[in-house]
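The values are calculated or read from the model by the stated rules, or taken from the named source; none is laboratory data. Treat the numbers as computed from the prediction; the structure is a model and nothing was measured. Calculation scope for accessible area: heavy atoms of the full protein, side chains included, ligands and nucleic acids excluded. Shrake-Rupley method; radii C 1.70, N 1.55, O 1.52, S 1.80 Å.
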Amino acid sequence: FDGYDELEGGGNPRLWKDNDLDDWPDGTKAMVTCRPEYVASQENKALLGPSASQLEEWYVAPFTRAQIDQYLAVPPERDTGIKPEEYQDFLKVNPEVCDLLGTPFLLKIFV
């Protein structure tokens, strides 16, 4: 269940019931992805029904500055006309942009 918080209406608190998860075989696991602030504002029991006691929360850490620099040092597969060092020069002048590049999606858009 990817992008749970992006569903129409901001997600569905009846995830368990609406997907008939009671009928899935024993031992079935499901992964729900969403922004952490969305789940924090929901009752986990409403989100996951009877298996809320088995809920495990995992968080993906944003890229570090070193990881961003490493990614930017490799020229992209497509020709953008921008040299790798130009990205670094831009970030030196606009350091606040680096805070936005912590996710793969935004880093890819940047390059």
Probe 1.4 Å, all protein chains in place: accessible area of Phe110 in Å², nearest 10?
-> 50
Tell me, what HN-Hα J-couplings in whole Hz come from the Karplus equation 6.51 cos²θ - 1.76 cosθ + 1.60 at θ = phi - 60° for each residue of region 67-75, using x for Gly and Pro?
-> 5, 5, 4, 4, 5, 6, 6, 9, x
Quick one: accessible surface of Val93, probe radius 1.4 Å, all protein chains present, in square angstrom to the nearest 10.
-> 110
Residue span Asn19 to Leu106: 0.36 nm per residue of separation minus Cα-Cα distance leaves a gain in nm of 28.2 nm
